[in-house]
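What follows is a short report on a single structure.
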Amino acid sequence: MLILGGAIYAGYALYRRDQFRTYFEEAKRAADDGRTSAAISHIAYCTPVDPEDRELMLLTARVLRMFQAWPQAEAVLDRYWTLYGDDEGLTFERLLLKAAGDTTAPVAPVLAARIALGGDPAKLARHALVSGYLREFRYTDAFAVLEVWRTDQPADPMADYLLGSLEEQRYNMQRARELFSDLVARQPDHSEARLRLVVLLMMTRDANEALGHLAALRVELPNNVEVAVQWVMALRQVGRTDEAVRALDAVLASHPNSSQALTERATLALNAGDDQAAADFLTHALRSDPGSVNTRNLYIQALSRLDRTDEAAAEQARVTTLLADNQRMTELVNGPLQSQPDDPSPAFEIAGIALRSGQPGAAINWYQLALKRAPNHAPSHTALAVIYREMGNPVLATRHRALAATAGQRP
């Protein structure tokens, strides 16, 4: 009996190991295409089987980097170093993470040399550089890398997805839509491209076309709140209101603080004539996303219907400010932020806009970008000291206050 039990256990262990390799290879293929959601789901199977597998740990860090979960990627690499020490794979992944999640300048020459050698490392280096350039709003540099990449590897899904992201970030929505649509037609399982396509379709109120893509995404990404809310919005736009209400109630049951879901629920309430409920939903939504012009416009509508005219007028003034700020941000992103790559002023001004719209997290990112351009920029250090103090982080507040004082003493 013991021998039989041992044989069964050994057979099961071998089966698990075979499954591990199958899912690992699927995760690698998904990562090579930029299909991070699929890669993460395959990795989730592998990790319990052998969490300290060297290849798996490096792949996990890579996918987390692509998913822009940079602290988590760094934690995986730190764990890898603890187990195995430095090796070529770890060094390369750290270079890629530095480019994508921190700053491109120090590592760009090394990655350019890797690109020149060709092969799989070249593709990974290109992805990290383009990701970093997009985060730094260096559109010209990102496009230059993508242009050569797409010449060397035509129809590479990862390159096409990044180009679509670049065009979307540059507000070239029609071109982005074309790129994502072509990519989905070639590779129907590219959930990331399909979701971006849905968002762009909904912006132009092409809800019928979006519904077809959303039906696929609900299967591929069943727990994605953005997919769920876009589904509700599309249902509402095509007149399937009862289905929209039921679907949205399910979303809010699992994501009660989703500003997007709350705003959509308010829209349904307004359409049904329940103005007080709409106002309540919108008040909740604005706590999470105070900079949303759409949400504030709906709030103005609800307040006006409730004869709360003074509050509606105050909200209208906020919307006017937000629209002006958004216009100024667009000018800065497409102008000085590109043409003056060493000047911290554009990023510093955008950080102030983010603060005014109630987005301290975004403001921190912009102040940090200003400091990457000019590490001794005293106004950015001062602003960060204030933000961190208000967020209850005295260590970082003190650090930036000291750096501001030191920078202010420089000639």
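Where a number appears in this text, it was derived from the coordinates with a stated rule and is not lab data. Note that this is a predicted model, so its numbers are computed, not measured. Cβ sites come from the backbone with ideal geometry, for glycine too, and all protein chains shown count toward neighbours.
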* To do: Report the semi-axes of the equivalent ellipsoid for segment 254-411 in whole Å, largest first, where each axis is √(5λ) for an eigenvalue λ of the Cα gyration tensor.
  => 37, 17, 13
* Asked: Counting alpha carbon pairs within less than 8 Å and at least 6 residues apart, what relative contact order, in whole percent, applies to segment 335-411?
  -> 24 percent
* To do: Considering Cα pairs under 8 angstrom that are at least six residues apart, work out the relative contact order of the chain and quote it in whole percent.
  => 7 percent
* Give me the number: length gained by fully extending ARG308 to GLN72, i.e. 0.36 nm times residue separation minus the C-alpha to C-alpha distance, one decimal in nm. => 80.3 nm
* Asked: In deg cm²/dmol and to the nearest 500, what is the mean residue ellipticity at 222 nm of the chain if only DSSP H runs of at least 4 residues count, each as -39500 (n - 2.57), divided by the residue total?
  -> -26500 deg cm²/dmol
* If you take the alpha carbon radius of gyration of segment 335-411 and divide it by 2.2 N^0.38 Å, what ratio comes out, to two decimals? -> 1.05
* Partner lysines for LYS372 [C-alpha distance under 26 Å; skip if fewer than 8 residues away on the same chain] -> LYS98, LYS123
* Full-extension gain in nm, GLU331 to MET203, via 0.36 nm per residue minus C-alpha separation -> 44.0 nm
* For THR82 and ALA402, what does the FRET efficiency come to when R0 = 22 Å and r is the distance between their Cβ atoms, rounded to the nearest 0.05? -> 0.10
* Fewest to most neighbouring Cβ within 10 Å: what's the order for HIS284, HIS42? -> HIS284, HIS42
* **P(r), alpha carbons of the chain - 20 Å bins starting at zero, rounded %** => 21, 53, 24, 2, 0
